[in-house]
1. For residues that are over 25 Å from Ile351 (Cα atoms) and of a type in the set (Lys, Arg), scanning just segment 486-544, find the one that is modelled with the lowest pLDDT.
2. Take the residues in segment 111-122 that are of a type outside the set (A, V, I, L, M) and not in a loop (DSSP other than H, G, I, E, B), then tell me which one is farthest from the ligand (Cβ to nearest atom).
3. Can you tell me which residue among Gly67, Gly51 is surrounded by fewer than 16 Cβ atoms within 10 Å (Cβ to Cβ) and either more than 12 Å from the ligand (Cβ to nearest atom) or outside the structural domain of Phe194 (by TED's automatic domain parsing) (or both)?
4. Suppose the filter is modelled with pLDDT of 95 or more, crowded, with 20+ Cβ neighbours inside 10 Å and within 30 Å of Ile354 (Cα to Cα); does Leu85 pass it?
5. Return the residues of segment 378-427 that are touching a residue at least 12 places away in the same chain (Cβ under 8 Å) and of a type in the set (Ser, Thr, Tyr); say none if nothing qualifies.
6. Has segment 484-503 got any residue that is of a type outside the set (S, T, N, Q), in a loop (DSSP other than H, G, I, E, B) and in contact with a Phe, Trp or Tyr (Cβ under 8 Å, 6 or more places away or on another chain)?
7. If we keep just the residues of segment 84-105 that are closer than 17 Å to Gly45 by Cβ and among the aliphatic types (A, V, I, L, M), which is farthest from the ligand (Cβ to nearest atom)?
Amino acid sequence: MKICVLWVVILYILVVVNGVHITKQPYRTAFHFQPLKNWMNDPNGPLYYKGVYHLFYQYNPYSAIWGNMTWGHSISHDLVNWVHLEHALNPIDPYDLGGCFSGSITILPGGKPVILYTGADTQIFQSQNLAFPKDPLDPYLKEWVKSPHNPVIAATDGDIDPSNFRDPTTAWKTTDGTWHVLIGGKIDGRGMAFRYESKDFINWTRSEKPLHSSVRTGMWECPDFYPVSVNSKDGSENYLETVNTKFVLKASFLDHDHYILGYYKAQTNEFEVETSDFLEGNIDWRYDYGGKFYASKTFFDSGKNRRILWAWIIEADGRANDVKKGWSGLQSIPRVVWLSSSGKQLVQWPIQEIESLRKNKVEIQHKELKSGSMFEVVGITAAQADVDVSFELPNLEDAEQIEPSWTDPQLLCTQKNASGEGRFGPFGLLVLASNNLTEQTAIFFRVFKNQSRHIVLMCNDLSRSSLSKDVDKTSFGAFVDIYPLQKNISLRTLIDHSIIESFGGEGLACITARVYPVLAVDKEAKLFVFNTGSLSVKISKLNAWSMKAATIVPFMKRRKRPIKN
Ligand code: DQQ
């Protein structure tokens, strides 16, 4: 009995005291998913299985720097609070000694999940490999066993570069019983998603043509391919449907996750791009325009009939600081993703479950924001908050004219930063700001018009986000395709110590930023609303909440009770 109490005390000290120590670090987040320490990158194989959400992720168990790629594994009932389990895949076999790289999970007929992941050997030559749960009846899927058939897809074809052949998608099945999977790669600099086919998930053959490729992109990492419903927020996993369904093809390249929309004909395995291809013309749809959101992956949540998007959020304060902090990398707040009512793009919104962490609501209504004015939002923990604001523009006709050459939103945001003056805007939020405003991150809008419509520019200005010189302070921007614009522009921002995730126009454009303030830390951080434009705007509604911390704990093995005779 005494030993048992002692054990509980030791565990308490290890977990709680260690936890307190971790959250005391200024940049450690409170409600984003993070392992307790070390390096994390891509989300892998997200899954809803027997009532439990699973997140696997690229993890280095030994250091805050990339290496020893292992599949970390955590489980949750609500995608907010997590329990870390033992690693699912370790790089200990000849075909993955260089790392168990990214991959996905597919549910086989009968309901059994299978991991298909990239193994990198000691030369970092890549092949695709299978792993199965040791006990598929276990909803926690605690142990995984690699297949004796590995590697099941090797880079044997002469035209495939074995150093650039990775990140299999979730597989889908066509009516003839064939499985299809995509693998990212490139041939002669042309980025592509190779398609492989199989009848038994073990023997795979490469299709003659890739599902899609692009000469403008370079290597595709972490491709994703999935159906979205037309005129509905419901998720879909029906790859055979052609009516009321479009398909999203996402690829990670050039530091961003880009997507295109199109139609997939399962009979011929053709993907037909709807309007413009990757980096073609003026349109470049990205999940997030902030430059720190990468290698994302979606899964269909059959429990709530929605499609959910996870992404790796990259640090921006340099390797030496990662080592000092003892960790590197976050996961985004999971986002529900669906096709916009225009059918032209995707919409993203934080999962509703995150709202369970809200407390201390502050509400402001019908407040005029005169030219050059600002005010502080008091009553919340501004370093750990959820803010949802809707701005009203009284007379849209007064918007300034946009120059035809102003086509690059990031350039526009960098040139016309938060302190610059326009007519409608800059107006928005000053986040993680110090008392004297020497540190601040602005997330703001400017509104323009051309002959036919209004154009909403959404920016973040990181130039004053930290007094530290080590930090990447690149600003980013996006056009928010609100059409027709009817007076209101909304901004939802999740603030969590070193991350600011912003959703403009109810999720039509997203910008995530990593910031590392020196002064605006914890209780010293403030939140302001500002307008430096020459025209007044109105806050029709602002709701802000402090956010509680999510519970993310290590797994504690239960000791088996002795069987009483
Ligand atoms: N990260 C993994 C690769 C993937 C890259 C390695 C993308 O599988 O291509 O950690 O961040």
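The values are calculated or read from the model by the stated rules, or taken from the named source; none is laboratory data. As the structure is a computational prediction, the values presented were derived from the model and not from experiment. Cβ: placed from backbone, ideal geometry, glycine included. Neighbour counts: every protein chain shown.
1. Here the residue is Lys487.
2. So the residue we want is Pro113.
3. Result: Gly51 is the single residue among Gly67, Gly51 that is surrounded by fewer than 16 Cβ atoms within 10 Å (Cβ to Cβ) and either more than 12 Å from the ligand (Cβ to nearest atom) or outside the structural domain of Phe194 (by TED's automatic domain parsing) (or both).
4. no
5. Passing the criteria: Thr381, Ser390, Thr407, Thr414, Ser419.
6. yes
7. That would be Leu85.
For (1) among the charged types (D, E, K, R); (2) closer than 21 Å to Phe299 by Cα, each residue gets a yes or a no:
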| site | (1), (2) |
| --- | --- |
| Pro148 | no, no |
| Ala155 | no, no |
| Asp161 | yes, no |
| Thr169 | no, yes |
| Leu182 | no, yes |
| Phe194 | no, yes |
| Asp224 | yes, yes |
